[in-house]
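The values are calculated or read from the model by the stated rules, or taken from the named source; none is laboratory data. Being a predicted model, the structure only gives us computed values, none of them experimental. Remember, those area values only see protein heavy atoms, side chains included, never the ligands or the DNA or RNA. Shrake-Rupley method; radii C 1.70, N 1.55, O 1.52, S 1.80 Å.
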Amino acid sequence: MRRVHVLVTGRVQGVFFRASCAREARAHGVAGWVRNASDGRVEAVFEGSDAAVEAMVEWCRTGPAHARVDAIEVEREAPAGDEGFHVSA
């Protein structure tokens, strides 16, 4: 089990990043959450198998069609046993 905290910088708000991220995470069986940060970035936590979490990190490097990802920060965390994936405001 692996858990990462991700911050995505670029044109990532107002382009359906959160909804698309949630759809991808659920398809990969990843738990956690995604939300818009007050500084214009998108913040997410992914928890699941190594392969599934890595797939989500890679997805975040490009995001949905209208996004422009300039940078991504990934920090590993201790697994917390999250279940399900949700979108926060």
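If you average the sequence gap of Cα pairs under 8 Å that are 6 or more apart and divide by the length of region 4-52, what percent do you get for the contact order? List each step's numbers first, then the result.
Values: 68 pairs, mean separation 22.8, N = 49.
RCO, region 4-52: 46 percent.
What figure in square angstrom, to the nearest 10, would you give for the accessible area of Glu54 with a 1.4 Å probe?
70 Å²
Once both axes come from the Cα atoms, what is the angle between helix 17-27 and the longest principal axis of the chain, in degrees from 0 to 90, rounded to 10?
30 degrees
Subtracting the Cα-Cα distance from 0.36 nm times the residue separation, let me have the gained length for Glu58 to Ala27 in nm, one decimal.
Details: separation 31, 0.36 × 31 = 11.16 nm, distance 1.43 nm.
That works out to 9.7 nm of additional length.
For the chain, what is the mean residue ellipticity at 222 nm derived from helices alone (per DSSP H run of n ≥ 4: -39500 (n - 2.57); sum divided by total residues; nearest 500 deg cm²/dmol)? It would help to have the intermediate numbers written out before the result.
Working: 2 runs with 22 residues, N = 89.
The per-residue figure over the chain is -7500 deg cm²/dmol.
For the chain, what does the equivalent ellipsoid look like in terms of its semi-axes, each the square root of 5 times an eigenvalue of the Cα gyration tensor, given largest first in whole Å? Don't skip to the end; give the middle numbers.
Numbers: eigenvalues 74, 31, 28 Å².
Semi-axes from the Cα gyration tensor: 19, 12, 12 Å.
Defining a contact as two alpha carbons under 8 Å apart and six or more residues distant in sequence, what relative contact order in percent does the chain show? Present the calculation step by step, with values, prior to reporting the outcome.
Working: 196 pairs, mean separation 41.5, N = 89.
Contact order relative to length: 47 percent.
Share of antiparallel DSSP beta bridges in the chain, in percent to the nearest 5? Mind showing how you got there, number by number?
On the way: 22 of 25 bridges.
Taking every DSSP beta bridge with both residues in the chain, the antiparallel ones total about 90 percent.
To the nearest 10 square angstrom, how much accessible area does His86 have with a 1.4 angstrom probe?
So the heavy atoms of His86 present about 90 Å² to solvent.
From the protein chains alone at 1.4 Å, what is the descending order of accessible area for Arg41, Arg26, Arg11, largest first? The partial results should precede the final answer.
Details: Arg41 60, Arg26 140, Arg11 115 Å².
Correct descending sequence by accessible area is Arg26, Arg11, Arg41.
Could you pull the accessible area for Asp70 with a 1.4 Å probe, rounded to 10 Å²?
Asp70 exposes around 100 Å² with every protein chain in place.
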